[in-house]
Amino acid sequence: MEKKNIDWKKIINAILIVICLISIFAFSNMSGKTSNLSSEKVLEKIVEITNFDKKRDTAEFVKQYNQLFRKIAHSIEYMLLAILLMIFIDKYNVKVLKKFVIVLFICILCSMLDEFHQYFVDSRTASIMDCLIDTVGSLVGIGIYMLVCSIYFLIREVIKMDKERKV
């Protein structure tokens, strides 16, 4: 019987994807009031730590920008999900365009399921705008991943060419 090598990178990446999905749905499972209070506390801490707007009262700042902060956080969740999915699918040597389509489809599907789930949560609603925000976050994540990969391969190629010139 042959001994199979375990690809720990794939396993860890898959676990991170599952954790990301669980966190997305866990945040969505909070009631509207609980979710709002949580984001207000996080934003308040960020403002206190960074001394972002010294001229204005922290509570006033949090009240004014909490909704924007929530949308940005929503987008970041899906950006991370897209990056993790790109890394995972990259292990299977899928062509770039196909990988892009697969990851975007999965992210949009998760976003739609997330919004559908929120429809049934106390004082939450389903929002097409949130799906669009999630999609933008996913596209940014895919773009970041592709940019980093392009830079990595470019640097690798330059190093390879430099070594060939020295020989």
The relative contact order of the chain, taking Cα pairs under 8 Å that sit 6 or more residues apart, comes to a percentage of 28
Treating only Lys and Arg (+1) and Asp and Glu (-1) as charged, each at its beta carbon, one finds that the chain has a dipole about its Cα centre, in Debye to the nearest 20, of 740
Under 5 Å from the placed amide H of Ala126, counting only residues 5+ away or on other chains, we find Tyr119
Length gained, Ser23-Asn93, 0.36 nm per residue minus C-alpha separation, equals 22.4 nm
With the dipole of the chain defined by +1 on each Lys or Arg Cβ and -1 on each Asp or Glu Cβ, the option from Thr58, Ile133, Ile151 whose Cα lies farthest towards the positive pole is Ile151
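Taking a 21 Å limit on the Cα-Cα distance, which of the listed pairs Lys10/Lys160; Lys91/Lys166; Lys41/Lys71 fall beyond it?
Lys10/Lys160; Lys91/Lys166
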Plugging the Cβ-Cβ distance of Phe105 and Lys10 into 1/(1 + (r/R0)^6) at R0 = 22 Å yields, to the nearest 0.05, a FRET efficiency of 0.60
Taking chymotrypsin sites (Phe, Trp or Tyr not before Pro) as exposed when in a DSSP loop with at most 13 other Cβ atoms inside 10 Å, the chain has its longest clean stretch at 1-51
Between [x] 10, 41, 38, 11, 0; [y] 9, 28, 27, 21, 10, 4, 1, 0; [z] 10, 36, 31, 10, 8, 4, 1, the structure-derived P(r) over Cα pairs in 10 Å bins from 0, in percent is [y]
Correct response: the longest run of the chain lacking exposed trypsin sites (Lys or Arg not before Pro), defined by DSSP loop and at most 13 other Cβ within 10 Å, is 96-167
Counting only protein heavy atoms with a 1.4 Å probe and every protein chain in place, the carbon and sulfur fraction of the accessible surface of region 17-167 in whole percent equals 70
The answer for the net charge of residues other than Ile133 whose Cβ lies under 14 angstrom from its Cβ, with Lys and Arg +1 and Asp and Glu -1, is -3
The answer for the chain, accessible area per residue at 1.4 Å probe in Å², is 72
Computed over region 85-140, the relative contact order (Cα-Cα under 8 Å, seq sep at least six) in percent reads 31
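The values are calculated or read from the model by the stated rules, or taken from the named source; none is laboratory data. None of these values were measured; they are calculated from a predicted model. Positions of Cβ are backbone-derived with ideal geometry, glycine not excepted, and every protein chain shown enters the neighbour counts. Side chains are part of the model used for accessible areas, which takes the heavy atoms of the whole protein and leaves out ligands, DNA and RNA. Shrake-Rupley method; radii C 1.70, N 1.55, O 1.52, S 1.80 Å.
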